[in-house]
Amino acid sequence: MPELPEVETVRRGLSPVMEGARIVRADIRRGGLRWPFPDRLAERLTGAQVLRLGRRSKYLLADLDTGETLITHLGMSGRMLISGHRLGKFHHEHPAPEKHDHVVLDMDNGARVTFNDPRRFGAMDLCDTSGLEAHKLIRVLGPEPLGNTFDELYLIDALKHRNSPIKTALLDQGIIAGLGNIYVCEVLFRAGIHPTRKAARLSSPRISRLVPIIRDVLGEAIESGGSSLNDYRQADGELGYFQHNFRVYGREGQACVTQGCTGKVRRITQSGRSTFYCAQCQR
């Protein structure tokens, strides 16, 4: 499932063709995906201007001049694809509709934005922009790891009573919004923290060290266009390449990349997800 860097990469790809543009036609090709679409979705989108395209955690947020915000989650296989635009590399005609093109938005600048989702675990919803923070999908989220409210003092306080493994705690979207399995593995490796160590037993200096590492890993992944695993693609259809920089994720049995370390990357399962780590480097 796309994590924060992948969703931010998609937002950056969509922004030049959606922000300031008006939706002249919304073609809703099924009744819903993971959940039913909101009532009259096509009618409510058609004619609306996109004032701002933002992101909260793993959700894309399109603020409309109608006073509503379109919330989009890509799910496991969702892609937002651009065609028909004459800006930069988006210089190609609209392709023929595909089987899994579920929502198609034609913009007044000539662009077409298509939400394609073969597995149909994605989602779209509309809510009043003024009530966005109270929406059921948004209100449960913790601070953005790249935002100003996420700092060392916050994380120390959030983890001090957590008896779960540190990896499980960092995956909790109520503590940090947007972190997923891949990047938590990479963060813990760089921090030298064993993924099964209890969060509450980590010292304040070790927790503080996590904050800049989280920001560094996410920043590097965004600049690399995300990690192209399974179905993920950027908005222009290209692959991201941060997966080439993985230090532990997906490297089970391979030598640790830390200079002087003779250990190998191990894999265990935590809460049904694969965890990759080096037992010699991570304590």
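The values are calculated or read from the model by the stated rules, or taken from the named source; none is laboratory data. On a predicted model such as this, the values are computed, not experimentally measured, just so you know. Neighbour counts are summed over all protein chains in view; Cβ atoms, including those assigned to glycine, are modelled from backbone coordinates with ideal geometry. In case anyone asks, the SASA skips ligands and DNA or RNA and just uses the protein heavy atoms, side chains included. Shrake-Rupley method; radii C 1.70, N 1.55, O 1.52, S 1.80 Å.
Numbers below:
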| read-out | value |
| --- | --- |
| Strands (runs of 3 or more DSSP E) fully within segment 1-119 counting 2 or more residues that are of a type in the set (K, R) and open to solvent by 10 Å² or more (accessible area, probe 1.4 Å) | 50-56 |
| Meets criteria (open to solvent by 10 Å² or more (accessible area, probe 1.4 Å), modelled with pLDDT of 95 or more and out of contact with any helix residue (DSSP H, G or I) (no Cβ under 9 Å at 6 or more places or on another chain)) for S130 | yes |
| Test set (1) in contact with an Asp or Glu (Cβ under 6 Å, 6 or more places away or on another chain); (2) within 14 Å of D117 (Cβ to Cβ) - T72 fails condition number | (1) |
| Evaluation of D125 against (1) without any contact (Cβ under 8 Å) to a residue 40 or more places away in the chain; (2) more than 29 Å from F246 (Cβ to Cβ) (one fails), failing number | (1) |
| Any chance G180 is in contact (Cβ under 8 Å) with a residue 40 or more places away in the chain and under 19 Å from Y277 (Cα atoms) | yes |
| Single residue of I213, I193 found to be over 25 Å from R139 (Cα atoms), hydrophobic (A, V, I, L, M, F, W, C), modelled with pLDDT of 95 or more and open to solvent by 10 Å² or more (accessible area, probe 1.4 Å) | I213 |
| Some residue of segment 134-151 being not small (G, A, S) and not in a loop (DSSP other than H, G, I, E, B) | no |
| Filter pass, R209 being part of a loop (DSSP other than H, G, I, E, B) and basic (K, R) | no |
| Residue ID - nearest to the chain's Cα centre (by Cα), chosen from residues in segment 126-183 that are among the aliphatic types (A, V, I, L, M) and under 30 Å from A42 (Cα atoms) | A177 |
| Residue list for segment 245-276, filter: polar (S, T, N, Q) and either surrounded by 12 or more Cβ atoms within 10 Å (Cβ to Cβ) or farther than 21 Å from L170 by Cα (or both) | N245, Q254, T258, Q259, T262, Q270, S274, T275 |
| Residue pairs meeting the criteria (Cβ under 6 Å; at least 6 apart or on separate chains; first touching a residue at least 24 places away in the same chain (Cβ under 8 Å), in segment 1-17; second open to solvent by 10 Å² or more (accessible area, probe 1.4 Å) and among the basic types (K, R)) | V7/R55; V7/K58; E8/R55; R11/R55 |
| Any pair with Cβ under 8 angstrom, 6 or more apart, that starts in segment 259-273 at a residue that is touching a residue at least 40 places away in the same chain (Cβ under 8 Å) and ends at one that is of a type in the set (V, I, T) and surrounded by 14 or more Cβ atoms within 10 Å (Cβ to Cβ) | I268/T196; I268/T275; Q270/T168; Q270/T196; S271/T168 |
| Matching residues in segment 216-244 - criterion: being at pLDDT below 70, open to solvent by 50 Å² or more (accessible area, probe 1.4 Å), closer than 14 Å to E3 by Cβ and not in a loop (DSSP other than H, G, I, E, B) | none |
| Yes/no for N181 being among the polar types (S, T, N, Q) and surrounded by 15 or more Cβ atoms within 10 Å (Cβ to Cβ) | yes |
